[in-house]
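A.B. asks: Okay, here's the structure, questions in a sec.
Derivation of every value follows stated rules applied to the coordinates shown; laboratory data play no part. All of these numbers come straight from a predicted model, not from anything done at the bench. Backbone-built Cβ (ideal geometry, glycine too); neighbour counts: all protein chains shown.
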């Protein structure tokens with residue numbers, strides 16, 4: 001049975017760097033046929049996106065100024081058809097909150113591993129998107145490049161299908 005994806009939740013730690021950027025990039029890539037939101041496991045609630053993330057977003061034509069950090073909640077999980085996280089620890093934490101959601105929680109970089117490759121620690125490390133919070137512009141650009149590649153790998157799986 002095919003699951004129709006109407007709502008995606010992008011999750012990171014603080015909802016300050018990676019998930020706001022991924023939310024904006026994903027929304028831009030898929031348009032309005034899927035609702036995209038973001039949150040954090042330990043969100044900086046009410047805080048704007050990181051200054052470097054906002055600057056980088058502006059360079060990419062994204063307006064991250066309205067973003068405010070949001071804490072992950074049970075309601076946000078239950079309202080989502082797909083949850084995309086940045087690393088394995090976040091995946092496990094999210095699935096622990098709602099065990100019935102296993103199979104709906106994936107690494108954003110899930111499709112970046114070579115097809116048929118066993119889930120080794122090296123493959124999982126390539127799928128994880130590093131937190132740039134303590135790095136400078138280069139760390140933010142590296143995370144952005146990783147996020148953009150991961151989103152591109154999801155697009156064929158999210159495109160609306162004709163019946």
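A.B. asks: What share of Cα pairs, in percent, lie more than 22 angstrom apart in the chain?
C.D. replies: Summing the P(r) tail past 22 Å for the chain gives 38 percent.
A.B. asks: Would you please put 63-70, 142-149 in order of how densely packed they are, using the mean number of other Cβ atoms within 10 angstrom per residue and starting with the highest?
C.D. replies: 142-149, 63-70
A.B. asks: Here is a follow-up. Can you give the alpha-carbon Rg of region 1-92 over 2.2 N^0.38 Å, where N counts its residues?
C.D. replies: 1.04
A.B. asks: Along Cα→Cβ, 7 Å out, is where each label goes; now give me the distance between the ones at residue 92 and residue 139 in nm to one decimal.
C.D. replies: Each label point lies 7 Å from its Cα, and together they span 2.3 nm.
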